[in-house]
Amino acid sequence: FISNLFEKEQFDGVIHLAAESHVDRSISGPDAFIQTNVVGTANLLNAAVQCWKGKFDGKRFYHVSIDEVFGSLREDEKPFDENSRYKPNSPYSASKAASDHLVRAWNETYKLPTIITNCSNNFGPNQHHEKLIPTIIRSCLKGKDIPIYGDGKNIRDWIYVEDHCDGIDLALLRGKIGGTYLFGGESEMRNIEIAKLICKSLDELNPRADKVSY
C-alpha cells in the first residue's frame with residue numbers, strides 16, 4: 001500500500017509523525033509499538049528508496065522522534081543535546097529509538113536524504129485524551145481522582161504544539177541532510193506541579209462546591 005502511494009503520488013518528501021505513543025500501553029502491549037514504530041518506519045524508508053531510485057535531489061525524508069529515547073535526567077544533569085547517548089527506558093521509547101537508528105542507517109547505507117528531530121512533550125488544543133494534560137483536565141471536570149505516576153516528581157519539558165510545528169517546518173526546509181535536531185520549550189515542570197496548576201486554573205473558571213486549596 002505504501003509503495004503504491006509513493007508510485008502514484010510521486011512525493012517530494014515525507015514527514016513521518018505516525019507512532020504509537022503512550023508509555024503505559026507500551027508496557028501492557030508492546031507488540032503494537034514494535035509493529036507501528038519500527039516496522040512501519042522501515043516500510044516508509046524502503047518505499048522512499050524504491051520510488052526515488054537514487055534520484056534524491058530536492059527530496060527529504062523527515063523523521064519526528066522524541067527526547068525519551070535518551071532516557072531520564074537527574075536534576076543536576078545538563079539537558080539532552082544532539083550528542084546524547086540513547087538509553088530508552090520503556091517499550092515505547094525503545095521502539096522510537098529503534099526507528100531513529102533505522103533512519104540513520106538508511107541515510108548512511110542508501111544515501112537517503114534524512115533529517116531527524118527529537119522533541120520534548122507537546123501540549124495544545126485537541127491533544128489525544130490519554131495524554132497527561134488532557135487526562136488531568138478531564139479528571140478534574142468529572143470530579144475524579146487525578147492519575148499521577150509515582151509521587152508526581154518526574155520532571156518533563158513542555159513545548160507548545162505550534163512551536164513544534166514551526167520547528168518542523170524550519171528543519172524540513174533548512175536542516176542539514178543526515179542531521180539531528182532537538183526541540184524543547186525550556187519549560188521544565190514536575191507532573192504534580194502541572195496538576196496543581198491546572199486544578200488552580202479550573203477552580204477559578206469552574207469552582208468546585210467544596211473549596212480546595214492548591
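The values are calculated or read from the model by the stated rules, or taken from the named source; none is laboratory data. Values in this document were obtained by computation on a predicted structure and should not be read as measured data. Note that we place each Cβ from the backbone using ideal geometry, even for glycine, and neighbour counts take in every protein chain shown. To get the accessible areas, we keep the full protein, side chains included, count just its heavy atoms, and leave off ligands, DNA and RNA. Shrake-Rupley method; radii C 1.70, N 1.55, O 1.52, S 1.80 Å.
Quick one: with all protein chains in place, what share of the accessible area of the chain is carbon or sulfur, to the nearest percent (1.4 Å probe)?
Carbon-and-sulfur percentage of accessible area, whole number: 52.
Where Rh is the Kirkwood radius over the Cα pairs of the stretch 30-139, the temperature 37 °C and the viscosity 0.692 mPa s, what D in µm²/s does Stokes-Einstein return?
209
How many angstrom separate the Cα center of the stretch 137-178 from the Cα center of the stretch 54-79?
Value for the Cα centre distance between the two parts: 15 Å.
For the stretch 16-159, what is the accessible area per residue in Å², given a 1.4 Å probe and the full set of protein chains?
Here the residues of the stretch 16-159 average 55 Å² of exposed surface.
Apply the a/c threshold of 1.5 to the C-alpha gyration tensor of the stretch 67-117 and tell me whether it is rounded, prolate or oblate.
oblate
Can you list the residues, at least 5 places off or on another chain, whose amide H is less than 5 Å from the amide H of residue 182, using H built in the peptide plane?
118
How far, in nm, would the chain grow between residue 189 and residue 145 when pulled straight, counting 0.36 nm per residue and subtracting the alpha carbon separation?
13.8 nm
Can you compute the charge dipole magnitude of the stretch 56-165 about its Cα centre, using +1 on each Lys and Arg Cβ and -1 on each Asp and Glu Cβ, nothing else charged? Give it in debye, rounded to the nearest 20.
Dipole about the Cα centre, nearest 20: 340 debye.
Would you mind working out the magnitude of the charge dipole of the stretch 129-203 relative to its Cα centre, with +1 at each Lys and Arg C-beta and -1 at each Asp and Glu C-beta, to the nearest 20 Debye?
Magnitude of the dipole: close to 240 debye.
Of 86, 32, 10, which is farthest along the charge dipole of the stretch 1-100 in the positive direction, counting Lys and Arg as +1 and Asp and Glu as -1 at C-beta?
It is 10.
Would you mind getting the Kirkwood hydrodynamic radius of the stretch 1-86 from its Cα pairs, rounded to one decimal in Å?
15.3
With the radius of gyration and the Kirkwood radius both derived from the Cα set of the stretch 138-214, what is their ratio Rg to Rh?
1.16
When only C-alpha pairs under 8 Å and at least 6 residues apart count, what is the relative contact order of the chain, in percent?
Computed over the chain, the figure is 20 percent.
Which one of 205, 185, 105 has its Cα pushed farthest toward the positive end of the charge dipole of the chain, where Lys and Arg give +1 and Asp and Glu give -1 at the Cβ?
Projecting each Cα onto the dipole axis, the largest value belongs to 105.
With charges only on Cβ, +1 for K and R and -1 for D and E, what is the dipole size of the chain about its Cα centre, in debye, rounded to 20?
The calculated dipole for the chain is roughly 320 debye.
Considering the Cα trace of the chain, what is its radius of gyration and what is Dmax, both in angstroms?
When restricted to the Cα atoms of the chain, Rg and Dmax are 19.5, 66 Å.
Label residue 138 and residue 181 with points 7 Å out from Cα along Cα→Cβ: what is the distance between them in nm?
So the two model labels end up 3.3 nm from each other.
Mind checking the stretch 163-202 for trypsin sites (Lys or Arg not before Pro) that DSSP puts in a loop (not H, G, I, E or B) and that have at most 16 other Cβ atoms within 10 Å?
When the trypsin sites (Lys or Arg not before Pro) of the stretch 163-202 are filtered for loop state and at most 16 Cβ neighbours within 10 Å, 176 remain.
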